[in-house]
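Notes for the one structure printed next.
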Amino acid sequence: MKQQPDSAEYRFKVVGLARLERLCAHGHVDLFYGDESGVSLQPCVPYGWQFQEEQVFLPSTSGKGVNCFALLNRKNECWFRTTEQTITAGTIRQWLDVFAQSLKRLTVIVLDNAPVHQAGEIQRCRQGWQERGLYVFYLPAYSPHLNIAEVLWRKLKYEWLRAEDYADKETLCYQVWQALAAVGKSLKIAFGDFRQNTN
């Protein structure tokens with residue numbers, strides 16, 4: 001059975017997120033949505049069709065692929081890092097330390113409640129980040145639809161990567177990096193305005 005968010009927490013968080021979206025729209029804060037995802041050497045198989053007797057295949061290699069972390073806003077500004085290692089709370093802390101050095105104004109990062117985001121190492125750094133103008137806003141539990149970074153991973157895996165990009169690990173890592181670097185330039189996602197639905 002699919003888990004549902006707590007209704008009171010959900011309403012409270014959605015109202016807060018709507019306020020942040022309005023502040024961002026008026027240029028008072030920068031608002032980024034953050035998330036991480038792995039891209040496996042086994043490609044995602046989209047829906048499709050083929051002729052009878054036609055053989056269709058995608059290249060697939062065993063082994064680990066590449067892990068990605070991205071901060072994305074509705075203007076398609078994307079700050080990202082990739083690694084072949086497991087992404088830990090320590091990894092995210094280091095990356096957010098770097099990100100905090102490039103802020104132009106007060107900035108809020110929206111994260112889900114994954115253990116790696118809630119870890120003690122992250123909580124201990126929040127005061128220092130806030131002194132540099134970087135704040136973390138946690139989404140209500142079981143609400144991935146509120147995180148626009150989820151759309152980024154869907155686009156990356158199902159649209160932007162080609163079958164030949166999975167030929168080997170080096171090719172995959174390079175093509176993932178190239179795709180993420182192209183976000184906001186040659187690759188864009190049409191985000192709508194935030195809709196405050198507290199139901």
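Between helix 89-100 and the chain there is an angle of about 70 degrees, using the helix long axis and the longest principal axis of the Cα atoms. Residues whose amide H falls under 5 Å from that of TYR135, counting only those 5 or more places apart or on a different chain, are THR107, VAL108, ILE109, with hydrogens built in the peptide plane. Dipole orientation for the chain: of the candidates VAL136, LEU156, GLY184, VAL136 has the Cα lying most toward the positive pole (charges on Cβ; Lys, Arg +1; Asp, Glu -1). Apply the a/c threshold of 1.5 to the C-alpha gyration tensor of the chain and tell me whether it is rounded, prolate or oblate. In terms of gyration-tensor shape, prolate.
For the chain, the longest principal axis of the C-alpha atoms and the axis of helix 120-131 are separated by about 60°. Beta bridges per DSSP, both residues in the chain: antiparallel share near 55 percent. Computed from backbone phi with θ = phi - 60° and the Karplus coefficients 6.51, -1.76 and 1.60, the 3J(HN,Hα) list for segment 166-176 is 9, 4, 7, 5, 4, 5, 4, 4, 5, 5, 5 Hz; x is used for glycine and proline. Taking Cα centre as origin and charging only the Cβ of basic (Lys, Arg, +1) and acidic (Asp, Glu, -1) residues, the dipole magnitude of the chain rounds to 800 debye.
3J(HN,Hα) along segment 78-88, derived from phi through the Karplus expression 6.51 cos²θ - 1.76 cosθ + 1.60 where θ = phi - 60°, amounts to 10, 10, 9, 9, 10, 8, 8, 8, 5, 7, 10 Hz, with x in place of Gly and Pro. About its Cα centre, segment 92-174 has a charge dipole of approximately 360 debye under the convention of +1 per Lys or Arg Cβ and -1 per Asp or Glu Cβ, with nothing else charged. Rounded to the nearest Hz, the phi-derived 3J(HN,Hα) couplings of segment 138-144 under the Karplus curve 6.51 cos²θ - 1.76 cosθ + 1.60 (θ = phi - 60°) are 8, 5, x, 4, 6, 10, x, where x marks glycine and proline. The angle between the Cα long axis of helix 7-25 and the longest principal axis of the Cα atoms of the chain comes to about 90 degrees, rounded to the nearest 10.
Given a cut-off of under 8 Å on Cα pairs at least six residues apart, what relative contact order in percent is computed for segment 102-181?
On the way: 55 pairs, mean separation 23.3, N = 80.
Rounded, it is 29 percent for segment 102-181.
Taking Cα pairs under 8 Å and at least six residues apart, what relative contact order does the chain come out at, in percent? Relative contact order here is 30 percent. Using a simple spin-label model with pseudo-atoms 7 Å out from Cα toward Cβ, ARG105 and LYS155 lie 2.3 nm apart.
What ranking of PHE32, PHE12 emerges when the number of other C-beta atoms within 10 Å of each C-beta is taken as an exposure proxy, fewest first?
PHE12, PHE32
In terms of its Cα atoms, segment 77-116 spans 31, 22, 18 Å along the principal axes, sorted from long to short. Taking amide H positions as placed 1.01 Å from N in the peptide plane, with prolines and chain starts having none, which residues 5 or more places from TYR33, or on another chain, fall under 5 Å of its amide H? Long-range HN contacts for TYR33: LEU72, ASN73, VAL110.
Bear in mind that the values in this text are calculations on the coordinates, not laboratory data. It should be emphasised that the depicted structure is a prediction, and the values quoted were computed from it without experimental measurement. Here Cβ is always computed from backbone atoms with ideal geometry, including for glycine, and neighbour counts include all displayed protein chains.
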